[in-house]
Amino acid sequence: MTFNNLLININKKMHISKKAKNFAVKISFLILLLVCVGILNPGFQCQPYKSPLLYDNSNLKLWYKKPAQKWTEALPVGNGRLGAMVFGKVYYERIQLNEESLWAGSPVNNNNPEALKNLRAIQELLLQEKNKEAHELVSKTFIGTPPRIRSYQTLGDILLTLDSTSAIKDYRRELFLESGLCRITYVCEGVQYSREVFVSAPDNIIVIRLTADKSGAINTSIQLIRDKDAQVRAEGNNRLVMTGQIIDEPDPLHGPDGPHMKFAARLIALNDGGNVHAAGDTLIVRGANSLTLLLTAATDYCLEKLNFDRSINPENICKEILARAEKKSFEKLKKNHIEEHRSLFSRMQLNLGKSPLFNLPTDERLNAVQEGEEDPGLIALYFQYGRYLLMGSSRRPGVLPANLQGIWNEHFKAPWNSDFHTNINLQMNYWPAEVCNLPETVTPLTDFLNILRIPGRVTSKEMYGAGGWTLHHLTDPFGRTGVADGPWGVTPLNGPWMTFPLWRHYEFTGDQAYLREKAYPVMKGSAQFVLDFLIEDKEGHLITAPSHSPENQFILPGTGERFTLTYATTTDIQIIKALFSNCIAAGEIQNVDSEFMTKLKAALQKLPSIQIGKDGTIQEWIEDYEEAEPGHRHMSHLLGLYPLAQITPRTPELFQAAKNTIQKRLQHGGGHTGWSRAWIINFFARLLDGEKAYENVLALLRKSTLPNLFDNHPPFQIDGNFGGAAGIAEMLLQSHGGEIVLLPALPEAWQEGNIKGLCARGGFETDMTWKDGVLSEVKIYSKQGNPCLIKYRDKIIKIETKKGETYTLSGELK
């Protein structure tokens, strides 16, 4: 009924005085207003809000009272392609630089040519439990040729040497997550100095801005340095140019030596007042009122070729980028950057309650938590920092996914080469992408996996005689897909494992074109490999062999010997069940490949079941072997609990066994690495145990977090940041079981709070408020118009939603 009709009905039915009619009109208007704001009809709002909303996160910052002395104290900025670590030193500033594709190495087919001809013999030995003989044969015939890759490398450093060495005061170093700005301020000789650094995605540059509140106070020298494989020259009075080519030294274990990746960087110094001149390879600035430095970098890497492309000229790319950028004022560059950055970051807001340590510097807050204090505000900051780091290391203009260190690396030979580790780490990098409202960050991973199918097909054919594609436990930008390192690298199901972030992106977004053109081809090719790789055991089950539970070992009964390889590990079976189920769902959605779907369904019926061992835990291997390391960091046999959904309250025996498994791991020292602890947070969230999940959030901060809030393996590995952020989200909302479960693992410590912009499968965005540990209001924004099942505690309701509308419910889901 319209408002006008309401008034007409009132006049027809009420023969009362004019004064009374006016009063009735006012009451009617009030009723309509209450309906519109959802007080009398809380199931609906009259005006849907636009999604995604941009929330105020201006208080979200890391800040310190002193400069960074170590790299793990410096502050990261990045745009997916370029990264920088800002130390904030006063007299001798160092800004360490990265370009995502600057890697040592080159393309090489490392598939062992002896693998296929020995595959059947290895399988037979494993089925007969002749593990020692199988191990020896694998070592001789399966390990990659070469077995190792080369490393992601630093681009170099910008060094700023200031003239003054006078004492300073009022020093402050800050990283504003909402705007992506790093700022350093201090007072020296009565002058207030300020330095800002950001990496712009729209303009594809690193920007450094120096200002002072006194005219002519900026005096500094500027250098662009790299310790090897590069030359730096000045060009004109205000430019520095770095050109280089990585020269890989002879090392047969790591692949071909010689001249490989070419790269370049260009810096321009734009001064307001004073002057800039070159002295050798250094720029000298004297008497400037302000100074803006613009830097960009490039390589001759080509994703489509997984190789260098000598037709690409990195120096020309840098020239073109800077030519466009230097035409814009600093204010315009900053505005472009902040608007674009906020359009992603500010989709979410999280408040976990009052924090008594709020006003302390970040390192002091972290120290307080590490000494036993609790700080819900620091946890909320850590959550948002995870989102910030994912934005900074995986999105356009970048083309590669986030590696073991995201995009930030100061080494020429990084820990684990800062590679793409595909036996949990690369997967974990993308756990928060969808639920934390950053779906764009999955694009580089999607594109990389689509290209990786090309060498992956060669590996599938040459090593396993199979169709489709696969890879093993690590790769690099050159598409290495054979076995790396040693027998523990024989993990042919890591390719299928990598398909899950792509399917999850579809689950959250409902993007049919993405499913058809990007995700499904990767998934189908992976499933084709698995179908061809499966063999029957003596009981008629379809099993994988060789098979390995990532990096863990078991003790073979009667021998006391430790082995990594067997057949049909639990994680393999869980991966196959998820892959085949996802492919079947995708095929039915698109109405394609019915014959292929029939094969997948038949194979699913012949897979072994997840087993429970004699100690009541999820069995990690096909036999109930004794674990060599019961506190091992990897817990791959719980993949079915998280991120998959094969172990839930609907499978009570497995659910209890999963609890027992984690308890056993922790009793023996498990969770001692940062990423492993982050995984445990997610496990306990799925087990609906908010208190245990919270204990492990605190443990992540107390035992595995560096002063700049980077995750500590040790050393630094970024996956723990991403896994930790995903775990906090999982404590507040879950959507893997066909329903949106609100506050499923809320701990006592978070009595009051609110979250906005958290996403759920089916295309929903949620805002929640709770008080005294009880939900008080939830808003569900429907992006796709799908039916929505909502669960809070023991109550479930269903809403038939319309695309673009918001539904507001009370804590009782009314």
Exercise. According to a simple spin-label model (label point 7 Å from Cα along Cα-to-Cβ), what is the distance in nm between E812 and V458?
Worked result: 6.6 nm
Exercise. FRET efficiency for R286 and R702, Cβ-Cβ distance as r, R0 = 41 Å, nearest 0.05?
Worked result: 0.25
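Arrange the peptides 617-628, 686-697 so that the one whose residues have, on average, the most other Cβ atoms within 10 Å appears first. Provide the component values of the computation, followed by the final result.
On the way: 617-628: 19.4, 686-697: 21.8.
Per-residue Cβ counts within 10 Å, averaged per peptide and sorted highest first, yield 686-697, 617-628.
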For this session: Sequence neighbours fewer than 8 away in the same chain don't count; with that in mind, list the aspartates and glutamates whose C-alpha is under 13 Å from K601.
Result: E588, D593
Seminar exercise, completed: Packing-ranked peptide list from 301-311, 235-245, highest mean Cβ count within 10 angstrom first, is 235-245, 301-311
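Where does region 237-291 land on the Kirkwood hydrodynamic radius, alpha-carbon pairs, in angstrom? Could you put the intermediate results ahead of the total?
Working: mean 1/r = 0.0721 Å⁻¹.
One over the average 1/r among Cα pairs gives 13.9 Å for region 237-291.
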Problem set entry | Local net charge near G406, Cβ-Cβ under 15 Å (Lys/Arg +1, Asp/Glu -1) | -3
Problem set entry | Gain upon complete extension [K599, K70; 0.36 nm per residue less C-alpha separation] | 184.9 nm
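Distance cut-off 28 Å, Cα to Cα: go down the list K524/K798; K771/K795; K70/K228 and report the pairs above it.
Checking Cα-Cα distances, K524/K798 exceed 28 Å.
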Exercise. With the other protein chains left in place, how much accessible area per residue, in square angstrom, belongs to region 773-814 at a 1.4 angstrom probe?
Worked result: 52 Å²
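Order 204-210, 70-76 from most to least packed using the mean count of other Cβ atoms within 10 Å.
Values: 204-210: 23.9, 70-76: 20.1.
The packing order, highest mean first, is 204-210, 70-76.
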Exercise. Quick one: what do you get for region 233-349 if you divide its Cα Rg by 2.2 N^0.38 Å?
Worked result: 1.38
Seminar exercise, completed: Label model pair D532, D257: point-to-point distance (7 angstrom along the Cα→beta-carbon line) in nm is 3.7 nm
Exercise. To the nearest 20 debye, what charge dipole does region 731-804 have about its Cα centre, counting +1 at the Cβ of each Lys and Arg and -1 at the Cβ of each Asp and Glu?
Worked result: 380 debye
For this session: Let me know the shape class of region 559-632, please: from the alpha-carbon gyration tensor, a ≥ b ≥ c as square roots of the eigenvalues, rounded when a/c is under 1.5, otherwise prolate if a/b is greater than b/c, or oblate.
Result: prolate
For this session: Rounded to the nearest 0.05, what FRET efficiency do W63 and H411 give with R0 = 30 Å and r taken as the Cβ-Cβ distance? Could you check?
Result: 0.65
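What's the extension gain from T243 to A323 if we count 0.36 nm per residue and subtract their Cα-Cα distance? Each step should come with its number before you reach the end.
Details: separation 80, 0.36 × 80 = 28.80 nm, distance 1.78 nm.
Working it through step by step, the gained length comes to 27.0 nm.
Per residue, how large is the accessible surface of region 488-527? Use a 1.4 angstrom probe and give square angstrom. Before the final figure, lay out each step's value.
Details: 1040 Å² over 40 residues.
Heavy-atom SASA per residue in region 488-527 reads 26 Å².
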For this session: Starting from the Cα-Cα distance between E340 and N109, subtract it from 0.36 nm times their residue separation and give me the gain in nm to one decimal.
Result: 79.1 nm
For this session: For region 373-431, list log₁₀ I(q)/I(0) at each q in 0.12, 0.22, 0.25 Å⁻¹, using the Debye formula over Cα point scatterers of equal strength and ignoring solvent, two decimals each.
Result: -0.36, -0.92, -1.04
Problem set entry | Residues of region 153-167 with amide N under 14 Å of the 7 Å Cα→Cβ point at A279 | 161-164
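Viscosity 0.890 mPa s, temperature 25 °C: Stokes-Einstein D of region 739-803 from its Kirkwood Cα radius, in µm² per second? Kindly include the intermediate steps, with their values, before the conclusion.
Working: Rh = 12.2 Å.
This corresponds to a translational diffusion coefficient of 200 µm²/s.
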Seminar exercise, completed: Shape call for the chain, from the Cα gyration tensor axes a ≥ b ≥ c (a/c under 1.5 means rounded, otherwise prolate when a/b beats b/c, else oblate), comes out oblate
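Please say if region 716-757 is rounded, prolate or oblate, where rounded means a/c under 1.5 for a ≥ b ≥ c the square roots of the C-alpha gyration tensor eigenvalues, and otherwise the choice is prolate for a/b larger than b/c and oblate otherwise? All intermediate terms of the calculation are to be shown ahead of the outcome.
Working: a/c = 2.28, a/b = 1.34, b/c = 1.70.
Oblate is the answer for region 716-757, as a/c is 1.5 or above yet b/c matches or exceeds a/b.
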Problem set entry | Per-pair calculated FRET efficiency, R0 = 56 Å: N359 and I312 via Cβ, rounded to 0.05 | 0.65
Seminar exercise, completed: Per the charge dipole of region 544-637 (beta-carbon charges, Lys/Arg positive, Asp/Glu negative, Cα centre), the residue among T598, A568, C583 reaching farthest to the positive end is T598
Exercise. How big is the charge dipole of the chain about its Cα centre, in debye rounded to the nearest 20, if each Lys and Arg gets +1 on its Cβ and each Asp and Glu gets -1 on its Cβ?
Worked result: 3080 debye
Exercise. Under a point spin-label approximation (7 Å from Cα along Cα-to-Cβ), what is the A585-D447 distance to one decimal in nm?
Worked result: 2.7 nm
Exercise. If the label point is 7 Å along Cα→Cβ of H668, which residues in region 552-574 have backbone nitrogen under 12 Å from it?
Worked result: 552-555
Exercise. Round to a whole number: what % of the accessible area of the chain belongs to carbon and sulfur, probe 1.4 Å?
Worked result: 51 percent
Exercise. How do T161, T571 stack up against each other in accessible area, from largest to smallest, with a 1.4 angstrom probe?
Worked result: T161, T571
Exercise. Across 10 Å bins from 0, what is the distribution of all Cα-Cα pair distances for region 501-617, in whole percents?
Worked result: 12, 37, 29, 16, 5, 1
For this session: With only Lys, Arg, Asp and Glu charged, each at its Cβ (+1 for the first two, -1 for the last two), find how big the charge dipole of region 391-480 is about the Cα centre; round to the nearest 20 debye.
Result: 220 debye
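The values are calculated or read from the model by the stated rules, or taken from the named source; none is laboratory data. It should be emphasised that the depicted structure is a prediction, and the values quoted were computed from it without experimental measurement. Neighbour counts run over all protein chains shown; Cβ positions are idealised from the backbone, glycine included. We work out accessible area using only protein heavy atoms, side chains counted, and drop any ligands, DNA or RNA first. Shrake-Rupley method; radii C 1.70, N 1.55, O 1.52, S 1.80 Å.
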